[in-house]
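Some notes on the structure that comes next.
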């Protein structure tokens, strides 16, 4: 078995996730591998490293945060990261995948059907156009591949329940994001979590509570 798959399976074992979930990840891997280049879903460089670069990277946070029975928005989900891998691990979670590019949104709907994931919805719309029905609606907003603007933060706080959290996956300008945010929102509860895995390396998260 491929080393990356072994390490991924070991993470599931360590955190007591059912190993039969691996079948859904294998289906996900197959669909993504076939559709990626045509739809520009992930970079060519990561096509042969989907298990560590996308699947494992999406779920490392799950040994810190329990998403069971939570309502979650994945902002700028693209090929479904990190929302779908987390949803696979937490079937009771309700996930909304926000993707403004139509061809990617169509891919996500196809993928959800192939994976038979219930309590999952694709929103083919821009963040700023989400309606009032989503105000104070989410427990978490996940952000993995979006450069956050102040207007995005403001909208996310409107969408979050009280004490809900924005979870921002590290980007190249990670430290600038933290400092910029703290200058703008000095009253917000901001924490940083660092996670290391031997096949992924270091991953950091900015977690901001809507208190």
Report summary line: Over region 69-95, the set of residues at positive phi and crowded, with 24+ Cβ neighbours inside 10 Å is 80
Requested in this report: Among residues belonging to region 156-190 that are under 19 Å from residue 138 (Cα atoms) and surrounded by fewer than 19 Cβ atoms within 10 Å (Cβ to Cβ), point out the one that is modelled with the lowest pLDDT.
Outcome: 188
Requested in this report: Taking only region 144-158 into account, find how many residues are without any contact (Cβ under 8 Å) to a residue 60 or more places away in the chain and within 15 Å of the chain's Cα centre (by Cα).
Outcome: 2
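I'd like the full set of residues that are under 16 Å from residue 86 (Cα atoms) and either surrounded by 18 or more Cβ atoms within 10 Å (Cβ to Cβ) or touching a strand residue (DSSP E or B) at 6+ places or on another chain (Cβ under 8 Å) (or both), limited to region 18-51. Can you show your working first?
In the first step, residues of region 18-51 are kept if they are under 16 Å from residue 86 (Cα atoms); the result is 18-29, 50-51.
Across region 18-51, the qualifying residues are 24, 25, 28, 50, 51.
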Report summary line: Checked 98, 115 against criteria (surrounded by fewer than 20 Cβ atoms within 10 Å (Cβ to Cβ) and closer than 20 Å to residue 32 by Cβ); the one match is 115
Query raised in the report: Out of region 25-44, which residues are under 12 Å from residue 107 (Cβ atoms) and outside any helix (DSSP H, G or I)?
Result: 40, 41, 42
Query raised in the report: What's the number of the condition residue 158 fails, among (1) under 15 Å from residue 72 (Cα atoms); (2) in contact with a helix residue (DSSP H, G or I) (Cβ under 8 Å, 6 or more places away or on another chain)?
Result: (2)
Query raised in the report: Any idea which of (1) closer than 23 Å to residue 138 by Cα; (2) in contact with a helix residue (DSSP H, G or I) (Cβ under 9 Å, 6 or more places away or on another chain); (3) not in a helix (DSSP H, G or I) is the one residue 17 doesn't satisfy?
Result: (1)
**Report entry** Qualifying positions in region 45-104 - in a strand (DSSP E or B), closer than 21 Å to residue 29 by Cβ and touching a residue at least 40 places away in the same chain (Cβ under 8 Å)
**Finding:** 74
Report summary line: Given (1) touching a helix residue (DSSP H, G or I) at 6+ places or on another chain (Cβ under 7 Å); (2) over 25 Å from residue 188 (Cβ atoms); (3) free of Cβ contacts under 8 Å to residues at least 60 places away in the same chain, residue 107 misses just (3)
Query raised in the report: When you look at residue 113, is it outside any strand (DSSP E or B) and modelled with pLDDT of 95 or more, yes or no?
Result: yes
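The values are calculated or read from the model by the stated rules, or taken from the named source; none is laboratory data. What you see is a predicted model; the values in this text were computed from it and never measured. For neighbour counting, all protein chains shown are included, and Cβ atoms are generated from backbone atoms with ideal geometry for every residue, glycine included.
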